[in-house]
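Quick notes on the structure that follows.
The values are calculated or read from the model by the stated rules, or taken from the named source; none is laboratory data. What you see is a predicted model, and the numbers here were worked out from it, not measured in a lab. For neighbour counting, all protein chains shown are included, and Cβ atoms are generated from backbone atoms with ideal geometry for every residue, glycine included.
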Amino acid sequence: MSLSSSSPFKVATVPLSSLRGNASQNVANVSARLADAALQGISLVVFPEFSLVGYGDTLNFRRRELVTLAEPLDGRSIDKVANAVERTGVAAGVGFIERAPDGRLFNSYVVCMPGGVRCCHRKLQTAEHPGIECGEQYTVLDTKWGVRIGILIGADNYLIENVRMTALMGATLLVAPHRTYGSDSDGESSLQRLSTGQRARPHATERTASDGEADWLRRSLIARASDNGMFVVVSNGSDTGSHQHGTIIDPGGRVLAEHGPSSSPMVFAEVNPGLIAGSVGQQCLTARRSDNNGPSVRSVLPRGNAFAERSGTPSRGAIALSFAQVSRIRQI
């Protein structure tokens, strides 16, 4: 099915305020939202990172506490979400701590589709706890709606190259669950750590009213949607019961729907796959050189002095950093 011939469908974002450590109640809340979504003809609902766990910043947890919160991909909570998806016909994306068959722990996000398909992404940029390991691959999922879903969790979305690589794998709708761990002394929401020794945030004295971190994330993902010609669905939960938000962005970087002070718990918008192919971002992706990485790779390869080789002139210790041959066309 081509993008231009695919029918529009509805997606929703629910920045659910989860209960800490109460997976059963969190699953029940997810199921209730899916039932509401079905009544409104919504096809996909995106919940936040760690939405079934409730916790976000687990840096001070002992590993055994994380193991207690963790579940396998075919565990009880995900099974219940998948059952709710089957009952309602509405796909759902939820976040949890995954316990892999070999015992390793991951910050994971699974999209459950009607029909039993489960697509799980393991967070790449993980700094929540030394016991939670980083994922090792990008994740995309084909759908019947004519879009390919890509998943990036939390700080995965901070790095431009992660979104671009997901787009190069064909993703045209990015599911971007996030979680705000807390706020700073000014009450502003803070971004996630990119490493255990760093928090990606400006110094308090450098902040202005227009460059808060939540606003930075919003503007960044608007840019990524435009850069890559993709829809982006953001669902941001919070440990503190504040700073939640959700945004749905189209391939041109336009905000289609967004939570406001008086918004309902669920906001939704129509996704029209026909907008993707004609977007500037998709046209740029299509026009990329097939050897696009070639120039950068060649520039770092060890080799002799290119200037001396091309000109036949001894270098005498000088190193040419670049060389260009220019020709002039004279009009008569």
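Considering the range 221-245 alone, what residues qualify as being modelled with pLDDT of 70 or more and either part of a strand (DSSP E or B) or closer than 19 Å to GLY260 by Cα (or both)? Break it down into steps so the answer makes sense when it comes.
To start, the set of residues in the range 221-245 that are modelled with pLDDT of 70 or more comprises 221-238, 244-245.
Residues satisfying the conditions are LEU221, ILE222, PHE231, VAL232, VAL233, VAL234, SER235, ASN236, GLY237, SER238, GLN244, HIS245.
Residue under question is PHE50, and the condition is that it be closer than 19 Å to GLN244 by Cβ, aromatic (Phe, Trp, Tyr) and either in a helix (DSSP H, G or I) or touching a strand residue (DSSP E or B) at 6+ places or on another chain (Cβ under 6 Å) (or both); does it hold?
Working: closer than 19 Å to GLN244 by Cβ: yes; aromatic (Phe, Trp, Tyr): yes; either in a helix (DSSP H, G or I) or touching a strand residue (DSSP E or B) at 6+ places or on another chain (Cβ under 6 Å) (or both): yes.
The answer is yes for PHE50.
Please indicate, with yes or no, whether at least one residue in the range 51-73 is modelled with pLDDT of 95 or more and among the polar types (S, T, N, Q).
No, that holds for no residue.
Might you check whether a residue that is closer than 19 Å to ASP250 by Cα, surrounded by 22 or more Cβ atoms within 10 Å (Cβ to Cβ) and in contact (Cβ under 8 Å) with a residue 40 or more places away in the chain occurs anywhere in the range 18-41? Full working, then the answer.
Keep residues of the range 18-41 that are closer than 19 Å to ASP250 by Cα, which gives none.
Scanning the range 18-41, I find no residue that is closer than 19 Å to ASP250 by Cα, surrounded by 22 or more Cβ atoms within 10 Å (Cβ to Cβ) and in contact (Cβ under 8 Å) with a residue 40 or more places away in the chain, so the answer is no.
In the range 53-66, which residue that is out of contact with any helix residue (DSSP H, G or I) (no Cβ under 8 Å at 6 or more places or on another chain) and either in a strand (DSSP E or B) or in contact (Cβ under 8 Å) with a residue 60 or more places away in the chain (or both) is nearest to GLN244 (Cα to Cα)?
In the first step, residues of the range 53-66 are kept if they are out of contact with any helix residue (DSSP H, G or I) (no Cβ under 8 Å at 6 or more places or on another chain); the result is 56-57, 59-66.
Those left that are additionally either in a strand (DSSP E or B) or in contact (Cβ under 8 Å) with a residue 60 or more places away in the chain (or both): 56-57, 59, 61, 63, 66.
Working: GLY56: 13, ASP57: 15, LEU59: 21, PHE61: 23, ARG63: 27, LEU66: 24 Å.
Filtering first and then ranking leaves GLY56.
I need a count of the residues in the range 152-176 that are part of a strand (DSSP E or B) and farther than 16 Å from ILE222 by Cα. Walk me through how you get there before you give the answer.
Of all residues in the range 152-176, those part of a strand (DSSP E or B) come to 173-176.
Filter again for farther than 16 Å from ILE222 by Cα, leaving none.
So the answer is 0.
Going by what's in this entry, would ALA23 be described as over 20 Å from the mean Cα position of the chain (by Cα), modelled with pLDDT under 95 and under 18 Å from ARG118 (Cβ atoms)? Break it down into steps so the answer makes sense when it comes.
Details: over 20 Å from the mean Cα position of the chain (by Cα): yes; modelled with pLDDT under 95: yes; under 18 Å from ARG118 (Cβ atoms): yes.
Judged against the criteria, ALA23 is a match.
Go through (1) exposed (fewer than 15 other Cβ atoms within 10 Å of the Cβ); (2) modelled with pLDDT of 90 or more; (3) outside any helix (DSSP H, G or I) one by one and return the number of the condition GLY253 breaks.
Exception for GLY253: condition (1).
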